[in-house]
Amino acid sequence: MSFERVLKVPSERVGVLIGKGGETKKNLEKLCGVELAIDGKSGEIIVKTSAIDDSDPLRAVNIIEAVGRGFSPQRAIKLMESDTVLEIMDLRDYGGKSENALERIRGRIIGLHGKSRRVIEELTGCYVSVFGRTVAVIGNMTDAKLAKDAITMLAEGSAHKSVYQMLQRERTKRKMEKLLLWEDQSPETGEVR
């Protein structure tokens, strides 16, 4: 059984996907067991494989989409981990119809000197990329949802302070849950009592 999918990435991200001397492209092909045909002018990428058994073409598609949404290849490769997801949010869904509105929303999510984005990344353990009309998140499912909630709050106009407080509460709650789970385990066997 074969697989073929056509993707399109912004032309300014094609060079990042190819990498110096084609290194990133080769690494992705080897890692996912796929062949990539990249048109540098149009940004069109064909992902194909002849045997799905030995390959992971859907992960390759996710990684390509992540690079296209502004992530570095090193961060996008995290999508090879089984519990890691890519979430893409369109800022036009939050009132960003005009370029001025999009710029305002992007500015709120990025923050002064990148502070908001950095706080979201630190408190959720996710990677966040603001690129064009989108915001993308890479992280495990639970953390990515939390990061998405924080981004939505900022895009809808919530105060930064209230978003940071919500993230901090969730982080504390999760730490407590992990601590309680750890305390409920038998020291000898590691099994839950």
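In this structure, does ALA101 turn out to be among the small types (Gly, Ala, Ser) and in contact (Cβ under 8 Å) with a residue 40 or more places away in the chain? It is false that ALA101 is among the small types (Gly, Ala, Ser) and in contact (Cβ under 8 Å) with a residue 40 or more places away in the chain. Total residues in the stretch 49-87 satisfying the condition of being among the aliphatic types (A, V, I, L, M), assigned to a loop (DSSP other than H, G, I, E, B) and under 14 Å from ALA136 (Cβ atoms): the figure is 0. In the stretch 1-48, the residue that is modelled with the lowest pLDDT out of those that are assigned to a strand (DSSP E or B) and over 23 Å from LYS78 (Cβ atoms) is GLU4. Right, TYR94: within 30 Å of ARG174 (Cα to Cα) and modelled with pLDDT under 95 or not? Yes; evaluated as a whole, the condition is true for this residue.
Checking ALA76, ALA136 one by one, the residue that is of a type outside the set (Lys, Arg), within 29 Å of GLY15 (Cβ to Cβ) and in the same structural domain as GLY15 (by TED's automatic domain parsing) is ALA76 and no other.
Residues that are surrounded by fewer than 17 Cβ atoms within 10 Å (Cβ to Cβ) and of a type in the set (S, T, N, Q) number at least 1 in the following helices (runs of 4 or more DSSP H) confined to the stretch 93-156: 99-110, 141-155. With respect to the conditions (1) among the small types (Gly, Ala, Ser); (2) at pLDDT below 95; (3) surrounded by 14 or more Cβ atoms within 10 Å (Cβ to Cβ), GLY70 lacks only one, and its number is (2).
The values are calculated or read from the model by the stated rules, or taken from the named source; none is laboratory data. The structure presented is a predicted model; accordingly, all values stated were derived computationally and were not measured. Neighbour counts are summed over all protein chains in view; Cβ atoms, including those assigned to glycine, are modelled from backbone coordinates with ideal geometry.
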